[in-house]
1. On a full-extension model of 0.36 nm per residue, what is the gain between Ile306 and Phe363, subtracting their alpha-carbon distance, rounded to one decimal in nm?
2. Trypsin sites (Lys or Arg not before Pro), restricted to the range 16-56: which are DSSP loop and have at most 15 other Cβ atoms within 10 Å?
3. Going by Cα centres, the range 81-144 and the range 275-343 are how many Å apart?
4. Counting other Cβ atoms within 10 Å, which trypsin sites (Lys or Arg not before Pro) in the range 224-328 have at most 13 and lie in a DSSP loop?
5. Per DSSP H run of at least 4 residues, take -39500 (n - 2.57); add these up for the chain, divide by its residues and hand me the 222 nm value, nearest 500 deg cm²/dmol.
6. Just to verify a number: FRET efficiency for Leu188 and Asn106, C-beta to C-beta distance, R0 = 35 Å, to 0.05?
7. Nearest 0.05, what FRET efficiency do Glu29 and Val158 give at R0 = 45 Å with Cβ-Cβ as r?
8. Calculate the dipole size of the range 66-148 relative to its Cα centre from +1 charges on Lys and Arg beta carbons and -1 charges on Asp and Glu beta carbons; express the result in debye to the nearest 20.
Amino acid sequence: MGKKVTVSVIKADVGGFVGHSTVHPNLVEEACGRLERSDAKNLLIDYRVATVGDDLNLIMTHEQGTDNQDVHKLAWETFQACTKVAQELKLYGAGQDLLSDAFSGNVRGLGPGVAEMEFEERQSEPIIIFMADKTEPGAWNFPLFKMFADPFNTIGLVIDPKMHQGFTFEVHDLIDNERVMLLAPEELYDLLVLIGAPGRYCIKAIYSRRNGEIAATSSTQRLNLMAGRYVGKDDPVLIVRCQSGFPAVGEALEPFTKPHLVSGWMRGSHSGPLMPVAEKHASPTRFDGPPRVVALGFQLSNGRLIGPQDFFADPGFDEARRLANQLANYLRGLGPFEPHRLHLEEMEYTTLPQVRDKLQDRFEPLKEGSKGSEGFEG
Ligand code: 13P
Ligand code: 13P
Ligand code: MG
Ligand code: MG
């Protein structure tokens, strides 16, 4: 067996410029400076620092495997250093995603989002890093289903002998902390029952059924569940391997031509269309949105990141952006009404419980059999 390479994408919001719209250039500079230092250089093969909205993404390649303590520590210390810069500039929500001061060997559970995969680099290894802002991990369910299970999106499932056996989906239940492996195509309907509810069930990873190779992996933590209060949405990342037994690059990008509705717009409490944009256009401003997704393509060359290619800069996605804007107009017209505002369960970390408590004594039981208003003694 050949040497394995690990791709780690670790991200955090450590302060927004201005509000929750973008990352200040000084934070990117600080992150690059950290990853250039000799201790980092010894650990990593290559890195890129990328942003989407107010989220800072560290894209790193190395040979240390997934969940490696040194790589996670490097990311954690980089985010801490960036937080200091954010505090000096008084950026908005400085340190927002760093839920604890204490690092204990792994950033999982501490706030940052993590997507990592280890594999033997193929003769040619095209990968796409998707990064989204103003949404949540379940936002990948729809596009991942289309990429790896929908023959109307991915013709390779039908005509490529290397894909025809289908894929195994690893689905996580973020509430009960369980996972289930489901087979596509024969368990598609079971799969859809779960992943159609993206606030709870998230596709964590996808594997080829031909050879067991990992094809995709996402970040799946839910920050508000960890913190027990609203601390921003868990703007997620996703790594997808392409070509030669996996979706072609164009098949992996195609689902984003239909801007699906995701949770996480404005105060993490609204649903909105996920708009595919170039990195330089990933600055959500209208009502703090609409939610954005950026896709950066790389060829790996012995772990080196050759790229990025900023895929959604393509005018081929102009129509998707226009549709996203039309959907945004429509949804905004609903204001505080569902389904623009998220349903009650998703609002638990807002003022809603307080309002319910405040009104508790004023709720009266309805008389049995009563048909209309009973009036009130004012
Ligand atoms: P692969 O067989 O290398 O995935 O190529 C297919 C292709 O290029 C489709 O556009
Ligand atoms: P972020 O989760 O991107 O920080 O956005 C929070 C928010 O409340 C935007 O309105
Ligand atoms: Mg923010
Ligand atoms: Mg964000």
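Values in this text are rule-based calculations from the coordinates and carry no lab data. Fair warning: this is a prediction, and the values are worked out from it, not measured in the lab. Glycine gets a Cβ as well: all are built from the backbone with ideal geometry, and neighbour counts include every protein chain shown.
1. Stretched out fully, the Ile306 to Phe363 stretch lengthens by 14.3 nm.
2. Taking the range 16-56 and a limit of 15 other Cβ atoms within 10 Å, the loop trypsin sites (Lys or Arg not before Pro) found are Arg37.
3. Distance between centres, Cα-based: 17 Å.
4. The qualifying sites are Arg229.
5. Calculated from helices alone, the mean residue ellipticity at 222 nm is -7000 deg cm²/dmol.
6. Here the calculated transfer efficiency is 0.55.
7. That gives a FRET efficiency of 0.45.
8. My answer is approximately 360 debye.
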